[in-house]
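Peer 1: Just passing along the structure, written as structure tokens.
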Amino acid sequence: MSWFTQLPEPTSLPVQNGIVPRGTMVEVFRQIYFVFLVLGTLVGIVVIGYMCYLAYQYRDAGRGDADGEGGEGGEDGEEVDRPTLGELPTGSGGGRKLFTSLALSAIIVISLIAWTYGTLLFVEGAPSQGEEDFEVDVTGYQFGWEFEYPNGHTTDGVLRVPQGERIDLTVTSRDVWHNFGIPRFKVKSDAIPGQTTESWFTASETGTFQAACYELCGAGHSAMNAEVIVMEPTAFEQWYANTSNTSANATGSGNATEAGANATNATTTGAPNGTTNATGGNSTGNALLGATTTRSA
Amino acid sequence: MTTDGQPMNDSTGDDEAKTTDDGSRRTDGRHTKADGGHATTDSEFATPSGAGTDTEDGHGLPPLGSVRRYLVTTNHKDVGVLYIVTALFFLIFGGVLALLMRLQLWTAGQGLLSAGAYNQAVSIHGLIMVFWFLSPFAFGFANYIVPLQIGAKDLAFPRLNALSYWLYAASGLLLGVSFFQGASFAGGWTMYAPLDLPMYTPEVGSTTAILALLLFVVSITVSSVNFLTTMHRMRAEGLTLRRLPLFTWTILLTVWMMLFAFAALLAALMILSSDRLLGTTYFSFTEGGSLLWAHLFWFFGHPEVYIVFFPALGVMAETFQTFTGRRLVGRKWFIASMVLVALQSFGVWMHHMFLTSINLQVKTLFMATTIGISLPFDLMVFSLIYTMIKGRIRFVTPFLFTFGALVLFIVGGITGVFLGAVVLDYEFRGTYWVVAHFHYVMVGGVTALIGGLYYWYPKITGKMYDEFLGKVHFAAYFVGFNLLYFPMFLAWETPRRVFDYPPGLTPWHQLATIGAFVLGASFLLMFYNLTASLFTGEEAGDNPWAYSTTAEWTVPSPPPLENFPGIPSYRSGSIDFLAEDERSAIGSGTAADGGELTDGGVATVSDQATDHAPGHERITDEGEGEDHASIWPLAIGVGAFVLLLGASGFQGASFPDGFAGTFYAGLTGIGALLTGGSLFGLTRERFTGPSGPFGESWPFDGIENVKTGVWIFLASDVVLFGAFIGSYVFIRVAQGWVGWEPVPHDPLPGLVNTYLLLTSSFSVVLAMVAAEKGSKRGVVASLGLTIALGIGFLLNKGIEWQELFHEGLLLSTNVRTSTFFLTTGLHALHVIAGLVIAIYMLTRATRGAYLEDERPIEYFGLYWHFVDIVWLFLFPLFYIL
């Protein structure tokens, strides 16, 4: 269950200036999520706890009005003006405590959102000066992902990126609405035909991870995955220098699995009712899933 | 356009009622002479009067318990029961699909279902639960309870109410059939474009599912008009809007939201159906078709969230008050919050699209409105919680459910705040966090509605359910619910609508699957309990709940056909049932307060006299009370089912070759005949709906029911055309506004048509004037001129289109021609519908109708002027700019 335990790790928060979370998408998400989780749980427990306390305190213990098991509640019950059948509906006052509670919850909610808004501006902003960034175009199709590097090199089903560098993604789709996401790096972007969307991430560790489709796009949706290989910057440079303006299938070295995935995906392209293909693609998907979890375990 | 014709013929129904001697009819109609008039506030309401048995005969309504009754009934209580039972059937249907999904998710990867079948299960589960279960379930209660709570004898247009139900039933059946036509729709309940086009979902069943939804939306529109008219016009004296019971308040706001939100969905579905059937290219338009769908869908989709949740909120408010024995804390703020939410719900839709290409400014705006809309809910939650203070809380089944619902809603609300933070939303998008969140909110709402079912079960059936089994149901339900949905938060990294997930998440998914079965099984208990109690349950009595306040508990269980033993009035501050003569006294006595003031400031009684004059050519001799039976709503439902089933075979503007094509074409023909014939039958039928005077009618005091209905319908039509025009503008902007050439090269035919329509609007006014003057010839001539001008409009348009077609400009040619033909085509359909009504009116006018009562002409005029005004927008947009 490493996926869960990895979340609340406040000790590993990176040093930063100010209270607005910055850093990689993973760090940003981790911090904000942690604060929300703690506050949300707290508020939930307080409110639901209070509800249950009231429900117990004012329960109708017996039949009579003065039956005292409810203590206070029972006694008050006698003075309380109870609603009667057929009356015109009215309220029972209490506006002030209502607005106090509303104000409290409003402060919590608005401050939380305002706090994350600073991060949103940061996330949406351009790379800071001096920061290296590497642009990749991502195109979704039924059912796979194609990546195009700045030098025109395209790969299918495998995205190679250098570790520690900001990767800017420009995402679109060739057919229907998809959504490209790499859960490990907390990046996600809609892939809409005729539109481009932008997002970025920084991979802090090397290894092989999985990208997936997050918008229902047809029969092969469940298996519409891609591999994200994060390489040492130097190794990446080397690999990248060897690529040319060609398709990944031609470059070959160590891309056996990739080619397999491509073969499956290729048959699906342009065939809208790819039910049969999807089952084929699925086994690949499982294999990839397996690979990812072994990696993270 | 079934709705178009409706208001007219209900008006004729009203006319007939009014033909007879007013006074005698009313005394006969209300069975209150004997026991009426006792103004009481305690158990004496419960007058086990002969009203029930008395009204069962006559009116052609078969007795309770016979199946035939439910085929013809137009009574709001029967229709309510039909809605509840049908909705529960769809709960089972959608629930079984959900169980199939949960079984598939027991382990990662392919299992029980194929990928295509899994996607169908996901999609249809969503569609059924959101459309065919949740709203109709709530509207079963609304049908049954709202007229009782506001003191009305029935809805304003009883046959339209039955029609809404039968269209709903037909649409549900159509959805079921879609599974047997290749495959049902598999593109998710959000039906994102272009996956919803035949290119990607080519099965006939997909088309059928979309047409089924279209029919459902028509049913909702009919229902909205009916409820709004009823709730605004037909409240008991003293029951001002501010005094409405909370359940009725929530329904009122729900229906207003429905009226506008569903009009947007109607537009989206009409365009989608046209894309699928006729080959227009809206959603396959590369530069923005996808986004256009998302905007249209979510413009409807977010209000929809409140549409399904508000009735649940109403049930919570009612049951919290009853079972705590306290009036709601901060009632007016509670209502104000709901009004605020209802308004604001139309301004938050883009938070469903944070990851699309919308820019940062728009995101910020919608983040702010989203947070803004969450705060009123905080207030409502606190209001419910504080209501418990000093209460005498009884944990019976209904309260357990609504109490549980509030707990679930709080969890759903808190997890929703996570999604409101855009940075977190980026990560949660498309994951099980969203799934868990909205199930906590929506199924939380269902929990409250189940509470409502137990709450009103004794009222509806007259029997008490088994309390112990009810409590066991709640325990199993609550445990099952949390076991099902809470693990989804823990396993949130699972992508939505995917049956493959990291193996590490397996335990959570298995827990959820177990929870799903516990939840499902708990409903078996409920079904057993409620069915068995029907036969063996104790007599519930009029009011089984202490501290209940609303009017439905003042009448017998089940209430008699015409609900009340007299005319309900809150003049004294609590409900009294007045006899007819007392009512008349009030009428003249309280005219000054605006209750029944009409145009000239004439007090009620004399107003009635003028109201009841017209309609001479079909005098009825049985003018006693309202009718409660009509076969035509069912017939129209059957017709619509056959028609749309036939139409589903239509693709790319033609039927397929061979047997299937003939089959579908035949069905379409038969369906069209059936629908048209039954519509005609409905129009010709003598039917007496509830008529005034009513107590409170703000803000439509001077406007009678039918006119109110027409206005409300036109309001939704404005949104429909607005969505069409908005789509056109959106596409044109995406394409480049300036480079866009209007499809017709020559604006002249359009200009001629503008003048034709304007003139025809004028001639309708002339017809009205003639009717007022009592000139039969004038009416006939003016109506004839209107029709001639309308036909001229259509001919001119036909010639224009024919030329364009000859040039090779078809609907499917490109997005320019698609928008042109579809938008002006929709307008032409409105003209045709108007002409059908006008021709019907002309035939009646030749026999002397409308001379005494020109109102039907006025209603038609409203519609016709509206169609005219729409053209004044379309002409410049599509011919000149």
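The values are calculated or read from the model by the stated rules, or taken from the named source; none is laboratory data. Computed from a prediction, not measured in an experiment: that's the story for all the values here. Note that we place each Cβ from the backbone using ideal geometry, even for glycine, and neighbour counts take in every protein chain shown.
Peer 1: All but one of (1) under 23 Å from B:S761 (Cβ atoms); (2) in a loop (DSSP other than H, G, I, E, B) hold for B:G808, so report the exception by its number.
Peer 2: For B:G808, the exception is condition (1).
Peer 1: Here's another thing I want to ask about it. Please indicate, with yes or no, whether at least one residue in the stretch B:423-432 is under 26 Å from the mean Cα position of the chain (by Cα) and at the interface with another protein chain (Cβ under 8 Å from one of its Cβ atoms). Explain how you work it out, then say what you get.
Peer 2: From the stretch B:423-432, those under 26 Å from the mean Cα position of the chain (by Cα) are none; that's our starting set.
Scanning the stretch B:423-432, I find no residue that is under 26 Å from the mean Cα position of the chain (by Cα) and at the interface with another protein chain (Cβ under 8 Å from one of its Cβ atoms), so the answer is no.
Peer 1: In the stretch B:527-586, how many are in contact with a Gly (Cβ under 7 Å, 6 or more places away or on another chain), more than 14 Å from chain A (Cβ to nearest Cβ), in a helix (DSSP H, G or I) and not acidic (D, E)?
Peer 2: Selection size over the stretch B:527-586: 1.
Peer 1: Still on this structure, please answer the following. Do we find a residue being closer than 25 Å to B:T201 by Cβ and modelled with pLDDT of 95 or more anywhere in the stretch B:154-167?
Peer 2: Of the residues in the stretch B:154-167, the ones closer than 25 Å to B:T201 by Cβ are B:167.
Restricting the remaining residues to those that are modelled with pLDDT of 95 or more gives B:167.
Taking every residue of the stretch B:154-167 in turn, at least one turns out to be closer than 25 Å to B:T201 by Cβ and modelled with pLDDT of 95 or more.
Peer 1: State whether one or more residues within the stretch A:17-24 are more than 7 Å from chain B (Cβ to nearest Cβ) and at pLDDT below 65.
Peer 2: First pass over the stretch A:17-24, keeping only residues more than 7 Å from chain B (Cβ to nearest Cβ): A:17-24.
From what is left, the residues that are at pLDDT below 65 are A:17.
Within the stretch A:17-24, one or more residues are more than 7 Å from chain B (Cβ to nearest Cβ) and at pLDDT below 65.
Peer 1: Of the conditions (1) modelled with pLDDT of 90 or more; (2) buried (at least 24 other Cβ atoms within 10 Å of the Cβ), A:A261 fails just one. Which one is it?
Peer 2: (1)
Peer 1: Would you confirm whether any residue within the stretch B:869-877 is modelled with pLDDT of 95 or more, closer than 25 Å to B:E704 by Cβ and surrounded by fewer than 20 Cβ atoms within 10 Å (Cβ to Cβ)?
Peer 2: Checked the stretch B:869-877: at least one residue is modelled with pLDDT of 95 or more, closer than 25 Å to B:E704 by Cβ and surrounded by fewer than 20 Cβ atoms within 10 Å (Cβ to Cβ).
Peer 1: Still on this model: Does B:F403 fit the bill of being assigned to a helix (DSSP H, G or I), within 14 Å of another protein chain (Cβ to nearest Cβ) and buried (at least 24 other Cβ atoms within 10 Å of the Cβ)? Show your work before the answer.
Peer 2: Numbers: assigned to a helix (DSSP H, G or I): yes; within 14 Å of another protein chain (Cβ to nearest Cβ): yes; buried (at least 24 other Cβ atoms within 10 Å of the Cβ): yes.
Answer is yes for this residue.
Peer 1: List every residue pair whose Cβ atoms sit under 7 Å apart, with the two residues 6 or more apart in sequence or on different chains, where the first one lies in the stretch B:193-207 and is under 15 Å from B:T281 (Cα atoms) and the second, anywhere, is buried (at least 24 other Cβ atoms within 10 Å of the Cβ) and polar (S, T, N, Q).
Peer 2: The qualifying pairs are B:A193/B:S290; B:P194/B:S290; B:L195/B:T201.
Peer 1: Which is among the hydroxyl-bearing types (S, T, Y), within 9 Å of chain A (Cβ to nearest Cβ) and within 27 Å of B:M526 (Cβ to Cβ), of B:T387, B:T447? Full working, then the answer.
Peer 2: Working: B:T447 fails: within 9 Å of chain A (Cβ to nearest Cβ).
Only one candidate qualifies: B:T387.
Peer 1: I would also like to ask the following. For the stretch A:89-104, check the following and say yes or no: at least one residue is farther than 30 Å from B:F577 by Cα, more than 7 Å from every other protein chain (Cβ to nearest Cβ), under 45 Å from the mean Cα position of the chain (by Cα) and modelled with pLDDT under 90.
Peer 2: Of all residues in the stretch A:89-104, those farther than 30 Å from B:F577 by Cα come to A:94-104.
This time we only want the ones that are more than 7 Å from every other protein chain (Cβ to nearest Cβ), so: A:96, A:99-100, A:103-104.
Those still in the list that are under 45 Å from the mean Cα position of the chain (by Cα) too: A:96, A:99-100, A:103-104.
With the extra rule that they be modelled with pLDDT under 90, the set shrinks to A:96.
For the stretch A:89-104, residues farther than 30 Å from B:F577 by Cα, more than 7 Å from every other protein chain (Cβ to nearest Cβ), under 45 Å from the mean Cα position of the chain (by Cα) and modelled with pLDDT under 90: present.
Peer 1: Which condition breaks for B:D500 when tested against (1) within 14 Å of another protein chain (Cβ to nearest Cβ); (2) in a helix (DSSP H, G or I)?
Peer 2: Evaluating B:D500 over (1) within 14 Å of another protein chain (Cβ to nearest Cβ); (2) in a helix (DSSP H, G or I) leaves (2) as the failure.
Peer 1: May I ask you to verify whether B:Y879 is assigned to a loop (DSSP other than H, G, I, E, B), touching a residue at least 60 places away in the same chain (Cβ under 8 Å) and over 28 Å from the mean Cα position of the chain (by Cα)? Can you show your working first?
Peer 2: Details: assigned to a loop (DSSP other than H, G, I, E, B): no; touching a residue at least 60 places away in the same chain (Cβ under 8 Å): yes; over 28 Å from the mean Cα position of the chain (by Cα): yes.
Answer is no for this residue.
Peer 1: What do you reckon, is B:R392 under 22 Å from B:H509 (Cα atoms) and basic (K, R)?
Peer 2: Spelling it out, it is not the case that B:R392 is under 22 Å from B:H509 (Cα atoms) and basic (K, R).
Peer 1: Oh, and also: Being of a type in the set (G, A, S) and either modelled with pLDDT of 85 or more or in contact with a Pro (Cβ under 8 Å, 6 or more places away or on another chain) (or both) is the filter here, so list the residues in the stretch B:611-653 that pass it. Even if it seems obvious, please write down each step before you answer.
Peer 2: Looking only at the stretch B:611-653, we keep the residues that are of a type in the set (G, A, S), and these are B:613, B:615, B:623, B:625, B:629-630, B:635, B:637, B:639-640, B:646-649, B:652-653.
B:A629, B:S630, B:A635, B:G637, B:G639, B:A640, B:G646, B:A647, B:S648, B:G649, B:G652, listed by residue number.
Peer 1: Let me ask another. Out of B:F730, B:F724, B:F687, which single residue is closer than 28 Å to B:R855 by Cα, touching a helix residue (DSSP H, G or I) at 6+ places or on another chain (Cβ under 8 Å) and in contact (Cβ under 8 Å) with a residue 60 or more places away in the chain?
Peer 2: On the way: B:F730 fails: closer than 28 Å to B:R855 by Cα; B:F724 fails: closer than 28 Å to B:R855 by Cα.
When all the criteria are applied, what remains is B:F687.
Peer 1: I'm trying to understand the selection: among the residues of the stretch B:745-760, which are crowded, with 19+ Cβ neighbours inside 10 Å and either touching a residue at least 60 places away in the same chain (Cβ under 8 Å) or touching a Pro at 6+ places or on another chain (Cβ under 7 Å) (or both)?
Peer 2: Across the stretch B:745-760, the qualifying residues are B:G750, B:N753, B:T754, B:L757, B:S760.
Peer 1: Separate question: What's the total number of residues in the stretch B:494-506 that are touching a residue at least 60 places away in the same chain (Cβ under 8 Å) and either closer than 13 Å to B:Q104 by Cβ or surrounded by fewer than 22 Cβ atoms within 10 Å (Cβ to Cβ) (or both)?
Peer 2: Count: 9.
Peer 1: Taking the stretch B:162-210 on its own, how many of its residues are in a helix (DSSP H, G or I) and among the aromatic types (F, W, Y)?
Peer 2: Within the stretch B:162-210, the subset in a helix (DSSP H, G or I) is B:162-178, B:204-210.
Filter once more, so that each one left must be among the aromatic types (F, W, Y): B:165-166, B:168.
Summing the residues that are in a helix (DSSP H, G or I) and among the aromatic types (F, W, Y) in the stretch B:162-210 gives 3.
Peer 1: Out of curiosity, is B:L408 in contact (Cβ under 8 Å) with a residue 24 or more places away in the chain, of a type outside the set (V, I, T) and more than 9 Å from chain A (Cβ to nearest Cβ)?
Peer 2: Details: in contact (Cβ under 8 Å) with a residue 24 or more places away in the chain: yes; of a type outside the set (V, I, T): yes; more than 9 Å from chain A (Cβ to nearest Cβ): yes.
Taking the combined requirement at face value, the residue satisfies it.
Each row is one residue, and each column tells you yes or no for (1) under 30 Å from A:V43 (Cβ atoms); (2) at pLDDT 90 or above; (3) more than 14 Å from chain B (Cβ to nearest Cβ).
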{"site": "A:V123", "(1), (2), (3)": "yes, no, no"}
{"site": "A:D137", "(1), (2), (3)": "no, yes, yes"}
{"site": "A:G140", "(1), (2), (3)": "no, yes, no"}
{"site": "A:G144", "(1), (2), (3)": "no, yes, yes"}
{"site": "A:L159", "(1), (2), (3)": "no, yes, yes"}
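Peer 1: I'm checking my understanding of the structure. Among residues of the stretch B:101-138 that are surrounded by 23 or more Cβ atoms within 10 Å (Cβ to Cβ), within 11 Å of chain A (Cβ to nearest Cβ) and within 15 Å of B:H439 (Cβ to Cβ), which one is nearest to the chain's Cα centre (by Cα)?
Peer 2: B:V122
Peer 1: On to the next question. Identify, from the list A:S204, A:S189, the residue that is outside the structural domain of A:E27 (by TED's automatic domain parsing), buried (at least 24 other Cβ atoms within 10 Å of the Cβ) and either touching a His at 6+ places or on another chain (Cβ under 7 Å) or of a type in the set (G, A, S) (or both).
Peer 2: Numbers: A:S204 fails: buried (at least 24 other Cβ atoms within 10 Å of the Cβ).
Result: A:S189 is the single residue among A:S204, A:S189 that is outside the structural domain of A:E27 (by TED's automatic domain parsing), buried (at least 24 other Cβ atoms within 10 Å of the Cβ) and either touching a His at 6+ places or on another chain (Cβ under 7 Å) or of a type in the set (G, A, S) (or both).
Peer 1: Go through the residues of the stretch A:211-222 one by one and say whether even a single one is in contact with a Ser or Thr (Cβ under 8 Å, 6 or more places away or on another chain), more than 8 Å from chain B (Cβ to nearest Cβ) and buried (at least 21 other Cβ atoms within 10 Å of the Cβ).
Peer 2: No, the stretch A:211-222 has no match at all.
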